[in-house]
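Report on the following structure.
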Amino acid sequence: MVAPHGRQVNMSSGTADRTGGATEADNTFGFRAVPTPDKQRLVDAVFDKVAGRYDLMNDLMSAGLHRAWKDALVNWLAPPRATSLRYAVLDVAGGTGDIAFRIARRSESARVTVADINKEMLAVGEKRAAERGLADRVSFVEANAEALPFAAGAFDAVTIAFGIRNVPRIEVALAEMHRVLKPGGRFLCLEFSAVDVAALDRLYDFYSFNVVPRIGGWVVGDAEPYRYLVESIRKFPNQARFAAMIERAGFARVAVRNLAGGIVALHSGWKL
Ligand SMILES: C[S@@+](CC[C@H](N)C(=O)[O-])C[C@H]1O[C@@H](n2cnc3c(N)ncnc32)[C@H](O)[C@@H]1O
């Protein structure tokens, strides 16, 4: 695992903000209002707790659907299948490597860097890469999406799946992902979004708030991390608002595809 170049230092709790900025509750951790400097620490604690059971929980919570959603991201990305040119991909908040492995399997020319702030998630990912014989084409770097330790224009594509809503300063992360893309490079984001089917909406709410934390309690031994995950989904901007944020970060030709009635959405953009 590469050394943590990008981790920020002012994420500890307390009211002192070394940047001199405001420390009022200007952000959210699920439904709780929290100061931005505290959010990352709280998010990290969630993923520290769930890392060992993260992949199993994804299958249980989504009845395996997260696999189809991740496939949909890679299908839309359409990485070149065989080319002599190297295809450099950065998967931000890539956790245990699901997106990276799919891209590496699809494209022999792909070299995928998984960047994630959480050591526990990365350790699971590295082990899985070795088990899949992909360790030579998928590498793991501890890094904060808000301060990516890569040169401008380093990547042909940047992906992020179920990661952006956990990042305290979404605009900063979007700007960073834009910076590290080559001109002509592609950005793809998979994230939970706003359901646009009325009956499904109610069923989904019931399932999310009642069933998901209970499964978390059984499998991880603690319902709290899954309460956060469900609440954070409800706080995340809907499809149109998030598309506007992506445009403001400098991306062009921004397009959205809903999956499962808007339970999740794919956002695509280009650095032109
Ligand atoms: C729900 S998991 C998604 C993992 C993987 N992309 C997937 O789809 O299975 C969210 C990930 O975001 C990471 N994360 C949270 N805040 C981050 C930040 N500021 N920078 C980079 N990664 C972050 C967490 O450590 C966690 O691994």
Margin query: Taking the condition of being surrounded by fewer than 24 Cβ atoms within 10 Å (Cβ to Cβ) and within 6 Å of the ligand (Cβ to nearest atom), how many residues in segment 79-94 meet it?
Written below: 0
Note to self: Restricting to segment 214-254, and then to whatever is basic (Lys, Arg) and modelled with pLDDT under 95, can you tell me which residue is farthest from Leu181 (Cα to Cα)?
What the structure shows: Arg214
Margin query: Kindly evaluate Ala249 against the criterion of being farther than 23 Å from Gln40 by Cα and in contact (Cβ under 8 Å) with a residue 24 or more places away in the chain.
Written below: no
Check: Take the residues of segment 66-76 that are within 26 Å of Ala123 (Cβ to Cβ) and either touching a residue at least 40 places away in the same chain (Cβ under 8 Å) or open to solvent by less than 60 Å² (accessible area, probe 1.4 Å) (or both): which is farthest from the ligand (Cβ to nearest atom)?
Finding: Val74
Next item on the list: Only residues that are part of a helix (DSSP H, G or I), under 21 Å from the mean Cα position of the chain (by Cα) and of a type in the set (D, E, K, R): list them for segment 127-141, please.
Entry: Lys127, Arg128
Checklist line | Pick from segment 129-175, criterion polar (S, T, N, Q) and near the ligand (Cβ under 8 Å from one of its atoms), ranking: nearest to Thr36 (Cα to Cα) | finding: Asn166
Notebook entry, point to check: Any idea which residue in segment 95-117 is farthest from Phe47 (Cα to Cα), counting only those that are within 14 Å of the ligand (Cβ to nearest atom) and open to solvent by 10 Å² or more (accessible area, probe 1.4 Å)?
Noted result: Arg102
Check: Looking at segment 151-171, which of its residues are surrounded by 15 or more Cβ atoms within 10 Å (Cβ to Cβ) and in a helix (DSSP H, G or I)?
Finding: Ile164, Arg165, Asn166, Ile170
Next item on the list: Please find, within segment 176-218, the residue that is surrounded by the most Cβ atoms within 10 Å (Cβ to Cβ) out of those that are of a type in the set (Gly, Ala, Ser) and outside any loop (DSSP other than H, G, I, E, B).
Entry: Gly216
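The values are calculated or read from the model by the stated rules, or taken from the named source; none is laboratory data. Here the structure is a predicted model, which means the values were calculated and not measured. As a convention, Cβ positions derive from the backbone with ideal geometry for all residues, glycine included, and neighbour counts pool all protein chains shown. Areas reflect the complete protein model, heavy atoms only, side chains present, ligands, DNA and RNA absent. Shrake-Rupley method; radii C 1.70, N 1.55, O 1.52, S 1.80 Å.
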